[in-house]
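Below you'll find the structure, written out as structure tokens, and then a few comments.
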Ligand code: LLP
């Protein structure tokens, strides 16, 4: 009998099945800790994302997968096959996107600190450079124009707008307040518009093609997002009226959250989100046939990965029981950084009374703790635990802290019946 915990998790004969994968069969492959990704789950998320938009009537959608969530080359190759573009923030991500054959005209480049070297690389990617630089300051706009002149090219630019809106999420992953480093205030964007005519450098080497906004990540309610999208549409209307030209695209950023709490919300609210985008952008889309660009990361790969770690010790101390595991905060940082909740499932469910424990890693930091006071069925030293929903911002945020090796990544492609092992090494910049 299999008991469903979540659309992707169930136990069959007390063995954990994740995304159709019988973990008992593969758990011994790489040494623990390691990440395991299901390409099948990625495919379903991309399809659900697109379908939700199609249902709102938005058909001209460019899904630019945010590489920062998970740049594993097999994942990138897979999303490329699914026809997605990329949202990148560094030359490393640009290289990874092009190596995965993601078409340059589907790449948008965000980030407040783009260097000259990175801008030149992006301008030199493909025959016409990338789809757009999402420009975060007027100083950056000037540098992009100078770089384009140096190469005798035209840079496609979109302003990233800061709507001064507080996002309903953890304060460390909120990006749309006035006090945040991201984006440009509307008055600064409007002040730059005349320069596209008056300044020869801009006239010859810049093309304004879009407007973008991104107010934060792990959003599950969309009131603030809708407000930001409305403001985006209204600013876009002003820009188009001023320049007498429609924008090629409106970029609504990423941010769609996933259900990390399996008992209360085991799903991703794709439809509610797409609806908020549609409602927010209506004033512009009614007037101009414009492409909608999205930069989702977490909702594409978050639930498509698990982190597998082994219990190395069961330590009792006063009223506490610690399951000390071989994975640490250097491998998976979200709980330590944002007190993030992730479900934890033993690969084998043993019969017997349940107990409460804290799951901690071996790193010398008190914050190296994956869960506190969680209920477990009986476990033994050597047992495997799966930390759920670790496909996004898991391996991509791993470090060498305490001189620990980076964890391996195992990618399962059920459709092709293929398994690929990937061991990242830190390359020099
Ligand atoms: N676009 C821009 C400009 C972004 O800054 C981000 C994420 C995304 C797209 C993708 O957002 P998503 O769809 O994944 O929410 N490390 C944190 C998340 C940081 C997100 C940074 N920016 C975490 O583990 O929760």
Revision key, fill the gap. All conditions in (1) under 25 Å from residue 270 (Cβ atoms); (2) away from the ligand (no atom under 13 Å from the Cβ) are true of residue 219 except (2)
Exercise for review: Kindly indicate whether residue 149 is farther than 30 Å from residue 222 by Cβ, away from the ligand (no atom under 16 Å from the Cβ), in a helix (DSSP H, G or I) and in contact (Cβ under 8 Å) with a residue 40 or more places away in the chain.
Suggested key: yes
Exercise for review: Inspect segment 226-239 for any residue being within 13 Å of the ligand (Cβ to nearest atom) and touching a residue at least 12 places away in the same chain (Cβ under 8 Å) and give the result as yes or no.
Suggested key: yes
Exercise for review: State yes or no: is residue 363 in contact (Cβ under 8 Å) with a residue 12 or more places away in the chain, more than 16 Å from the ligand (Cβ to nearest atom), surrounded by 16 or more Cβ atoms within 10 Å (Cβ to Cβ) and not in a loop (DSSP other than H, G, I, E, B)?
Suggested key: no
Study note, to complete from the structure: When segment 333-360 is checked residue by residue, the ones that are within 16 Å of the ligand (Cβ to nearest atom), within 21 Å of residue 264 (Cβ to Cβ) and surrounded by 18 or more Cβ atoms within 10 Å (Cβ to Cβ) are 334, 335, 340, 342, 343
Revision key, fill the gap. Scanning segment 277-296 residue by residue, those in contact with a strand residue (DSSP E or B) (Cβ under 9 Å, 6 or more places away or on another chain), assigned to a helix (DSSP H, G or I) and away from the ligand (no atom under 14 Å from the Cβ) turn out to be 278, 281, 284, 285
Exercise for review: Report yes if some residue within segment 400-409 is closer than 24 Å to residue 29 by Cβ and assigned to a strand (DSSP E or B); otherwise report no.
Suggested key: yes
Check your understanding: Is it the case that some residue within segment 383-393 is part of a loop (DSSP other than H, G, I, E, B) and more than 23 Å from the chain's Cα centre (by Cα)?
Key -> yes
Point to revise | Selection status of residue 266, more than 14 Å from the ligand (Cβ to nearest atom), touching a strand residue (DSSP E or B) at 6+ places or on another chain (Cβ under 7 Å) and modelled with pLDDT under 95 | key: yes
Point to revise | Residue list for segment 110-129, restricted to those being in a loop (DSSP other than H, G, I, E, B), without any contact (Cβ under 8 Å) to a residue 40 or more places away in the chain and either within 16 Å of the ligand (Cβ to nearest atom) or within 15 Å of residue 253 (Cβ to Cβ) (or both) | key: 111, 113, 114
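The values are calculated or read from the model by the stated rules, or taken from the named source; none is laboratory data. Everything numeric in this text was worked out from a predicted model, so none of it was measured. Here Cβ is always computed from backbone atoms with ideal geometry, including for glycine, and neighbour counts include all displayed protein chains.
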